[in-house]
Amino acid sequence: MPRKKIALIGAGQIGGTMALLAAQKELGDVILFDIVEGVPQGKGLDVMETTPVEGCNSTVTGTNSYEDIRGADICIVTAGIPRKPGMSRDDLIATNTKIVKDVAENIKKYAPDSFVIIITNPLDAMVYVMQKVTGFPKSRVMGMAGVLDSARFRAFISMETGVSVNDITAFVLGGHGDTMVPLSRYSTIGGIPLPDYPGLSAEKIRAMEDRTRNGGGEIVNLLKTGSAFYAPGASAIAMAESIIRDQKRIFPCAVLCEGEYGHKGIFMGVPVILGEKGVEKIIEIQLTADEKAALDKSAGAVKELMSVVDNSGIL
Ligand code: A3D
């Protein structure tokens, strides 16, 4: 079986992390693309030089030419700029919309059959840009956010209870940002719903939900420059692996909802089955009135971001 080709568009902090993880997991041969000369080549060569140590049969190549992503099976996009001091949210949306539009045009041209995973922020809006510009079916365009958010929630639950992360599941819905909806009654420790777990008070659960919502900001505050990259990189690679190896894992991903959860035409985080056909199914569950209201609020925030994209006149 020929090796898969994985194109990482953006060779910054997350791009470099993903190159290392993809090579270590032998997901395929990795192309690391960036517009900055030398960085993808340097990081690519550095990761390539880990492969004899780790014993992995993957190649990693850095490039500044989109030609090199030709025929990629999966493209994972981190290209973009972070918000700078004095920059409004709408300025950031406009700048990253232009960047993601350019990336999307090149993916459409060189890797028209690929699956695309977007990480660039503001996440849900950038997934919208990618889907609109490529015109790819919704099963092939998805955003990474929920996997990271639920990993954070699982980590906090493990840190609080001392139970292995392997026995903890967490469920997070909605847009990426402070309106995301962690669902504790669908999050479990050894199969026991969080609210029923001995010794875990409603207050402690609420504190962990809040910490999850602010998980990105917590790391930005500690790092001072830049944002989280290990866990975001690992999360996107888990999504790619589920597609490449047809694992059919259930992950919360930002995908186009067409009536699911009562929302039409918007991109937001919902649980999906990821397999060889990409987003194979959206899993829809019953929500309580409070949960539905929280999700609607989150969907409203995503809609607002999408309208900023639409009004920018860039697409
Ligand atoms: P960073 O290290 O700055 O990497 C971004 C890379 O994009 C840089 O190497 C740039 O040179 C490159 N780039 C800029 N413009 C272009 C272009 N036109 N074409 C190709 N490459 C370009 O950032 P990072 O890796 O830390 O983060 C990348 C993105 O992920 C940012 O938008 C973050 O906000 C976002 N992010 C999202 C999450 C989610 O959970 C959704 C989590 C963490 C970070």
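Coordinate-derived values only; no laboratory data. All figures in this text were calculated on a predicted structure; none of them were measured in a lab. Glycine gets a Cβ as well: all are built from the backbone with ideal geometry, and neighbour counts include every protein chain shown.
Remark: region 215-228, residue by residue, has Karplus-estimated 3J(HN,Hα) of x, x, x, 4, 6, 4, 5, 6, 6, 6, 10, x, 10, 4 Hz, where x stands for each Gly or Pro and the curve is 6.51 cos²θ - 1.76 cosθ + 1.60 at θ = phi - 60°. Here's the list of aspartates and glutamates a cross-link from Lys98 could span, going by alpha-carbon distance under 19 Å and ignoring same-chain residues fewer than 8 apart: Asp34, Asp90, Asp124, Glu304, Asp310.
By the Stokes-Einstein formula, at 1.002 mPa s and 20 °C, region 192-278 with its Kirkwood radius over alpha-carbon pairs has D equal to 136 µm²/s. Computed packing ranks the peptides 226-233, 167-174 as 167-174, 226-233, most packed first, by mean other Cβ atoms within 10 Å.
Loop-located trypsin sites (Lys or Arg not before Pro) in region 239-295 (DSSP state not H, G, I, E or B) with no more than 15 neighbouring Cβ atoms inside 10 Å: Arg245, Lys248, Lys277. Counting Cα-Cα pairs of region 5-144 in 5 Å increments starting at 0 gives whole-percent bin shares of 2, 11, 21, 23, 19, 13, 7, 3, 1, 0. Across region 144-220, the convex hull enclosing all Cα atoms gives 83 Å³ per residue.
Using alpha carbons only, how many degrees (0 to 90, rounded to 10) separate the axis of helix 89-110 from the longest principal axis of the chain? Approximately 50 degrees, to the nearest ten. Computed from Cα positions, the angle between helix 13-24 and the longest principal axis of the chain comes to roughly 80 degrees. Residues of the chain were split at every exposed loop site, defined as GluC sites (Glu not before Pro) in a DSSP loop with at most 14 other C-beta atoms within 10 angstrom, and the longest piece left, sites excluded, is 50-275.
How much of the calculated P(r) for the chain lies past 28 Å, in percent of all Cα pairs? Value for the chain: 37 percent of Cα pairs lie more than 28 Å apart.
Against the chain, whose longest principal axis is taken from its Cα atoms, helix 123-134 shows a tilt of about 40°. Here the scattering of region 146-312 is modelled by Debye summation over its C-alpha atoms, one equal scatterer each and no solvent; at q = 0.09, 0.12 Å⁻¹ the log10 of I(q)/I(0) is -0.31, -0.56.
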